[in-house]
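Just so you know, all these numbers are worked out from the coordinates, no wet-lab data involved. Quantities reported herein were computed from a predicted structural model and do not represent experimental measurements. Backbone-built Cβ (ideal geometry, glycine too); neighbour counts: all protein chains shown.
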């Protein structure tokens, strides 16, 4: 074992990165392992998914963030196992020894026992999820413009978002803006105004962590934007063609999952107890029971803090845990007494609905509408990493605000297999259309080119 | 057949798009068909490939460009065949009838009879080529940081660019900047300064279309930046492990092809005569021989103009052809006499080498160095489509210039199969490393974490 204690952090999300940075002056060798080479600013992923921002606007290379921190190294690799007896992490091709290990591996989508829904209802946790959803949403309009079948156009232009938390509200609002403001002037056969955006929530109201007045404001604001909100509507089935809510069927080409998350498999690596969301139940100092040298933070950890508060799975909580664990490790390394048990300070809740509308709850202060939106915008730009990104995001938002444009509206399709699948599907549909066309002319909306 | 003549344009590159826009006031229905939903500014693709810009910075949705042009429709589909007798284009699921057809389908890479080199030496013609090369270049550094094998590190950090035209010169210069300026502070085990960037040209000098003084300036400037330039060095083989130049072998992980192009298969669609680069030999009015209603422009066409000048395959030439064909079609539709045969006006040649260095030839004026670079930068920002893109590109460049940063340095890997292939390869290599490690400690450059 080396003389300088080795701290290995798995995951460079909000928790892992804050921890690494908080150890900058500690006498420790810090290694950050992530399967991506970048830290993504997850709260703005939905803006990439809806073509307002580019991936590079909300993500920053981890190496770049840590380049001046001399005691930090970065390793781009997939962690596959932890050997707690040997105190090593297996990360793709390398084996990384540790004295302290921090698991900050985040969460992924949970389909509540229906893993088969994952392929038809993608979630939004990673940059690649966002670009896949962007492609799916934009291709729905392109396919609708190509097909002559009115029924199929209707299905292609129906967008279902499942889950009425902040991500679902943001996605539904943003898709409505794309359909009703950014695209209408650009299509000649279809009318993007006619697109349906449906937000489905199993519980009785949207944004359950917010107070009721803000929930009902959000619902009204979304409906004003043209979103159909369905509450107390649990989804019973998702498939390629649409969504079932008990006996009600909604035919839809695009289904987006924002309903639930489950922790990454860090608990399995250690064989320790987890809660029903897959999170490791950590002790008051955020260590894993039975492993005083292993910590879990952020969405990987189920935490009830020193005051009995259940800590929510949001970015500020992950950052506070990262900072706290850095203090614990630094104290141990330097032989100081351990800090007091972890206390979570809730700073507030923010959710945006669309242009000029957001809800903000800070202690007893409730903001909504344009003021809420301004607050939300400043807070997000402020917390973005890197001056360049802040400036570009601010500029891009201002520009989008003025023009309703969505500059990042490129369909860049690297998933060759998906492309082929889509192509085949459209060709099959089109073959059907061609046959019908010969006997009955289809209704056309505009005087554009008469292809088909 | 409709009363308003139908003009179908296949391809929304510089030629096709200029043509569509030039027909804005003509009494014609214009349909633009492209397999992508965006127009890419090809001259800056190498900046996406080397992580200076994001795809959305140099590409713009075709629908957005044409949305105010009421006589234009856009169709996102792959053209697979033309039926010149029936006067229809087969585009994926739809059949598009035309009165005038313009083929502006551009070019792709030519491997001079070695199609098997395509998979190991990707070229740079499309946005997806650029993101694939970016991923490949950045992953080479990540893999080098992971492996403990010095030989393998050397191979991973060798970048070969084949072809000494403007694209090859730009790529080699940009990779050298990434390796020698952007990355060195960010790695702990490898020294990106040690990366070799080799530019290989079969002919006797770089930039053969430029005058000799600018060619030799470019060679010196590249060498000053740390690029090894090899001229009169024809490549005899490319494979996964490197490049052969006759008896000389260069072991390299990244090989980029910038050596030759061949026209897209438009000539085959029509069964007409083509030159050895696959281009359709068009008449003086840019029509396809035997088909007065079909035109070919840009890289799809082999053109000798009215003054006997061979028209080069560059963006300004494609735009001039687009504008000319719009005049020809408008004259026919309006019953006016046909314009004079096409005349090409050469405006100059530009190539950039790197920060503060470019070569410019405008008539008798030769610019180089910083002045050349400023001219190049202004010209490219000026010609970028869309005010937003211009401003963002200008801002991003200025920022990169000040900081040597490369903001778009994300490895976003949608090609699952490629990811797996890479992972397998690294794991195989690493397994070999692990075995050796047990008997002999490897030389390490820095005091970073001692993983592996």
Q | Gain in span if fully extended, residue B:363 to residue B:347, counting 0.36 nm per residue against the direct Cα distance | A | 5.0 nm
Q: Sort A:22, B:216 so that the residue with the fewest other Cβ atoms within 10 Å of its own Cβ comes first and the one with the most comes last.
A: B:216, A:22
Q) Sorted by average packing, counted as other Cβ atoms within 10 angstrom per residue and highest first, what order do A:250-261, B:298-309 take? A) A:250-261, B:298-309
Q: Give me B:232, B:73 ranked fewest to most by other Cβ atoms within 10 Å of their Cβ, as a rough exposure proxy.
A: B:232, B:73
Q: Count, for each residue of B:359-370, the Cβ atoms from other chains sitting within 10 Å of its Cβ, then give me the mean as a whole number.
A: 0
(Q) At 0.36 nm per residue, and after removing the present C-alpha to C-alpha distance, how many nm does the segment from residue A:251 to residue A:285 gain when stretched out fully? (A) 7.3 nm
Q. How are the C-alpha pair distances of chain A spread across 10 Å bins, as whole percents from the shortest bin up?
A. 4, 19, 28, 24, 15, 6, 2, 0, 0
Q: Just rank A:181, A:90, A:114, fewest to most, by other beta-carbon atoms within 10 angstrom.
A: A:114, A:90, A:181
Q) Angle between the Cα long axis of helix A:369-383 and the longest principal axis of chain A, 0 to 90 degrees, nearest 10? A) 50 degrees
Q | chain B: antiparallel DSSP beta bridges as a percent of all, rounded to 5 | A | 50 percent
Q: Any chance you could give the angle, 0 to 90 degrees and rounded to 10, that helix B:166-177 forms with the longest Cα principal axis of chain B?
A: 30 degrees
Q. Can you give the mean number of other chain Cβ atoms that lie within 10 Å of the Cβ atoms in peptide A:86-93?
A. 3
Q: Using Cα pairs closer than 8 Å and at least 6 residues apart in sequence, work out the relative contact order for region A:199-297, in percent.
A: 15 percent
Q) Taking Cα centroids, how far is region A:24-83 from region B:294-318 in Å? A) 47 Å
Q.
Show me the ranking of peptides B:279-291, B:354-366 by mean Cβ neighbours inside 10 Å, starting with the highest.
A. B:279-291, B:354-366
**Q.** Calculated [θ] (222 nm, deg cm²/dmol) that DSSP helices of n ≥ 4 give over chain A, each run adding -39,500 (n - 2.57)
**A.** -10500 deg cm²/dmol
Q | Rounded tilt (10° steps) of A:212-224 against the dominant C-alpha axis of chain A | A | 30 degrees
Q: Starting from a label point 7 Å past Cα on the Cβ side, list the distances from residue B:268 to the same position in the other copies, nm, shortest first.
A: 4.6
Q. For the protein assembly as shown, what value does the Rg/Rh ratio take when both radii are computed over Cα atoms and Rh is the Kirkwood radius, given to two decimals?
A. 0.98
(Q) Along its three principal axes, how long is region A:329-372 when you only count alpha carbons? Whole Å, largest extent first please. (A) 52, 21, 11
Q | Separation in nanometres of the label points that stand 7 Å from Cα toward Cβ, at residue A:150 and residue A:228 | A | 1.7 nm
**Q.** Peptide-level mean, for A:54-67, of C-beta atoms on other protein chains within 10 Å
**A.** 6
Q | Considering only region A:1-96, percent of DSSP beta bridges that pair antiparallel, nearest 5 | A | 50 percent
Q: Grab the Cα-Cα distance for residue B:273 and residue B:236, subtract it from 0.36 nm times how many residues apart they are, and report the gain in nm with one decimal.
A: 10.3 nm
Q: Quick one: work out the % antiparallel among DSSP beta bridges in the protein assembly as shown, nearest 5.
A: 50 percent
